[in-house]
Amino acid sequence: MMTVHKSKGLEYDTIIFVGLDDRAWWAHTPGDPESVAAFFLALSRAKQRAIFAFCQQRGKRNNVAELYQLLTDAGVPEIEI
């Protein structure tokens, strides 16, 4: 497990975003291009697949809604478990 910034320059077959929510991404500000760039930096570490985890009891998705919208626009399905 590592932070987005520590992953820079590395690649993995699979990456898992643990807690893609407002609490984990507390520094994300909607509309901030640097925040979106950090998200794509982490996403681009995956060679084959990326998994995004979210727990409704843990946090909200208000501030990170634009990140979820980018994933939806790209055709990434949301699977409720």
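Here are some notes:
- Positive-end extreme of charge dipole, the chain - chosen from Y12, G75, V64 (charges on Cβ): Y12
- For trypsin sites (Lys or Arg not before Pro), the sites in the chain that DSSP calls loop and that have at most 15 other Cβ atoms within 10 Å are K8, R23, R58, K60, R61.
- For the stretch 38-81, the list of GluC sites (Glu not before Pro) that fall in a loop by DSSP and count at most 16 other C-beta atoms within 10 angstrom reads E78, E80.
- A DSSP coil position with no more than 15 other Cβ atoms inside 10 Å describes the following chymotrypsin sites (Phe, Trp or Tyr not before Pro) in the stretch 1-55: W26.
- Dipole magnitude of the chain, debye to nearest 20 (Cβ charges: Lys/Arg +1, Asp/Glu -1, about Cα centre): 300 debye
- Taking every DSSP helix (H) stretch of at least 4 residues in the chain, weighting each as -39,500 (n - 2.57) and dividing the sum by the residue count yields a mean residue ellipticity at 222 nm of -7000 deg cm²/dmol.
- At full extension, V4 and A53 could sit 16.1 nm farther apart than now, given 0.36 nm per residue minus the alpha carbon distance.
- Simple label model, 7 Å out from Cα along Cβ direction - S44 to V18, nm: 2.5 nm
- Size of the chain: Rg and Dmax of its alpha carbons, in Å, are 12.2, 33.
- Taken one residue at a time, the phi angles of the stretch 35-48 give Karplus couplings (6.51, -1.76, 1.60, θ = phi - 60°) of 5, 5, 5, 5, 4, 5, 4, 5, 4, 6, 6, 7, 7, 10 Hz. Gly and Pro are set to x.
No value in this document is a laboratory result; all are computed from the given coordinates. Fair warning: this is a prediction, and the values are worked out from it, not measured in the lab. Reconstructed Cβ throughout: ideal geometry from the backbone, glycine too, with neighbour counts over all protein chains shown.
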